[in-house]
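The values are calculated or read from the model by the stated rules, or taken from the named source; none is laboratory data. The shown structure was predicted, so the numbers you read here are calculated from the model rather than taken from an experiment. Because the Cβ atoms are built from the backbone with ideal geometry, glycine has one as well, and the counts that use them run over all protein chains shown. We work out accessible area using only protein heavy atoms, side chains counted, and drop any ligands, DNA or RNA first. Shrake-Rupley method; radii C 1.70, N 1.55, O 1.52, S 1.80 Å.
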Amino acid sequence: MMKNAITFFCIFLLTGCTLLNEPEVYEYNTEKVLSETTNLIKKEYPYLTFKKINIDSLHNYFALRLHNYEGDKIYDLLSEYLYELKDGHVYFFTIGGFPITPYHPRRFNKDRYSYDPEVVRKYFKKELKLDESKKIEFGITSDNLGYIYISTFKLDGFKWINYFTKIIQYMKDTKGLIIDVRHNGGGSDAITYYIIGHFIQEPIEGPIWVDKNGNQIERGKIYPNTEVFYSKPIIVLQNGKCFSSAEGFINVMRELPNVTTIGDTTAGGSGAPEDFEIAENLTIHLSTKAEMTYDGKYIEWNGLEPDILVTQNKSDIEKGIDLQLESAISFLNNYK
């Protein structure tokens with residue numbers, strides 16, 4: 001009996017057989033995934049010329065290496081391929097629905113720890129108030145300056161933003177206003193236009209958008225809020241983590257005569273992205289058009305420089321200092 005067991009074990013070692021079934025590796029059609037991704041980028045992506053990307057050469061580079069991306073390594077293929085677009089709006093979803101973002105703008109990473117709401121709160125004697133959804137934090141300094149922090153421009157049913165009109169009414173007797181959008185990752189242009197409406201009395205032209213061929217799309221209008229108008233000097237605080245529609249907000253606000261921007265250059269991401277399904281039930285989130293500054297420069301990659309540059313880093317925050325906020329307060333207190 002023992003001899004038979006030993007004989008079986010030796011045969012098992014020599015033949016490489018296993019008593020357990022190895023899990024099957026699903027073989028994705030990598031060639032089709034690569035091809036459909038390339039065709040999608042050619043059809044929709046607005047920055048190929050601006051970024052000097054030769055998409056055919058890029059496609060051929062990965063086509064020669066498809067043998068490296070078998071099984072779940074299909075995700076490595078998409079990550080490495082889409083990374084080459086160097087666009088923070090571009091990402092993809094795994095089959096399980098998990099988003100993977102291959103690229104983050106350099107300034108986005110640089111300013112990651114350059115803002116902290118706890119440090120901001122130290123500059124106010126009274127506790128800052130929150131709107132009902134806790135998306136907006138606001139208060140008035142001892143110098144009678146209004147402060148509003150907007151954490152997001154996400155649509156969220158549009159309900160929360162209606163509270164913004166009440167906040168502006170609350171600020172009506174302040175001598176100046178600070179609108180802080182640092183670390184705001186964007187959301188909906190509809191939200192930004194609604195907010196901007198509180199600071200204009202006549203309709204103004206919206207920003208310039210161009211399609212993938214560089215052709216200008218018909219410009220829309222931004223309309224004033226009919227309930228309240230704030231006309232006093234305004235500071236917009238910005239940094240490298242301002243992205244997407246947060247940059248769109250800054251892009252319009254800095255055109256208003258009573259607005260000054262302070263802080264650091266924004267991330268540089270503007271693309272009106274949409275979701276597109278490709279082979280193997282994969283979904284790619286891709287920029288489809290480009291927003292420009294009012295003087296016709298791409299926001300993508302370039303970002304928006306502030307009127308007054310005030311850099312700030314992690315060590316400042318660790319010391320409990322917000323140099324950008326201090327600059328905004330000083331500017332408004334000395335405004336003529």
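Points worth noting:
- The stretch 67-133: trypsin sites (Lys or Arg not before Pro) in DSSP loop, at most 15 other beta carbons within 10 Å: Arg112, Lys122, Lys125, Lys126
- Compactness of the chain, taken as the C-alpha radius of gyration over 2.2 N^0.38 Å, stands at 1.29.
- A crude spin-label estimate for the pair Asn54 and Tyr170, with each label 7 Å from Cα along the Cβ direction, gives 5.7 nm.
- Per-residue Karplus couplings for the stretch 152-157, computed as 6.51 cos²θ - 1.76 cosθ + 1.60 with θ equal to phi - 60°, are listed in order as 7, 10, 5, 5, 6, x Hz, Gly and Pro entered as x.
- Positive minus negative residues near Phe199 (Lys, Arg vs Asp, Glu; Cβ under 14 Å): 0
- For the chain, with all protein chains in place and a probe radius of 1.4 Å, 50% of the accessible heavy-atom surface sits on carbon or sulfur.
- Karplus 3J(HN,Hα) series, Hz, for the stretch 204-218 with 6.51 cos²θ - 1.76 cosθ + 1.60 (x for Gly, Pro): 10, 6, x, x, 7, 10, 10, 7, 5, 9, x, 7, 5, 8, 3
- Available extension along the chain between Phe98 and Tyr163 is 20.1 nm, counting 0.36 nm per residue and deducting the alpha carbon span.
- Calculated mean residue ellipticity at 222 nm for the chain: -8500 deg cm²/dmol, from DSSP H runs with n ≥ 4 weighted as -39500 (n - 2.57), summed, divided by the residue count and rounded to 500.
- Kirkwood-type radius of the stretch 53-127, with distances r between different C-alpha atoms, in Å: 15.4 Å
- Per-q log10 I(q)/I(0), the stretch 211-255, q = 0.17, 0.22, 0.23 Å⁻¹ (Debye; single scatterer per alpha-carbon; no solvent): -0.76, -1.03, -1.06
- Cα-based shape type of the stretch 187-267, given that a ≥ b ≥ c are square roots of the gyration tensor eigenvalues and the cut on a/c is 1.5: oblate
- Scaling against 2.2 N^0.38 Å puts the C-alpha radius of gyration of the stretch 180-336 at 1.14.
- Under conditions of 37 °C and 0.692 mPa s, the stretch 80-238 yields 181 µm² s⁻¹ as its translational diffusion coefficient, taking Rh as the Kirkwood radius over Cα pairs in the Stokes-Einstein equation.
- Here the calculated FRET efficiency for Glu31 and Thr288, from their Cβ-Cβ distance with R0 = 30 Å, stands at 0.75, rounded to the nearest 0.05.
- Check: the chain dipole with +1 on Lys, Arg Cβ and -1 on Asp, Glu Cβ, in debye: 920 debye
- Look at the dipole of the chain built from charges on Cβ: of Ala63, Ser287, Ile179, the Cα furthest out on the positive end belongs to Ile179.
- Cα centroid of the stretch 168-237 to Cα centroid of the stretch 272-288, whole Å: 29 Å
- Förster-model FRET efficiency, 30 Å R0, Lys129 and Asn213, C-beta, rounded to 0.05: 0.05
- Taking Cβ atoms as reference points and 10 Å as the exclusive limit, the residues near Lys135 contribute a net charge of -2, counting Lys and Arg as +1 and Asp and Glu as -1.
- Between Asp156 and Leu309, the contour length at 0.36 nm per residue exceeds the alpha carbon distance by 51.8 nm.
- Net length gained if the chain between Tyr83 and Lys319 were fully extended (0.36 nm per residue, minus Cα distance): 81.4 nm
- Summed residue charge, Cβ within 11 Å of Tyr61's Cβ, Lys/Arg positive, Asp/Glu negative: -2
- Long-range HN-HN contacts of Thr261 with modeled amide H, under 5 Å: Val236, Asp307, Ile308
- Of the beta bridges in the chain, as assigned by DSSP with both residues counted there, near 60 percent are antiparallel.
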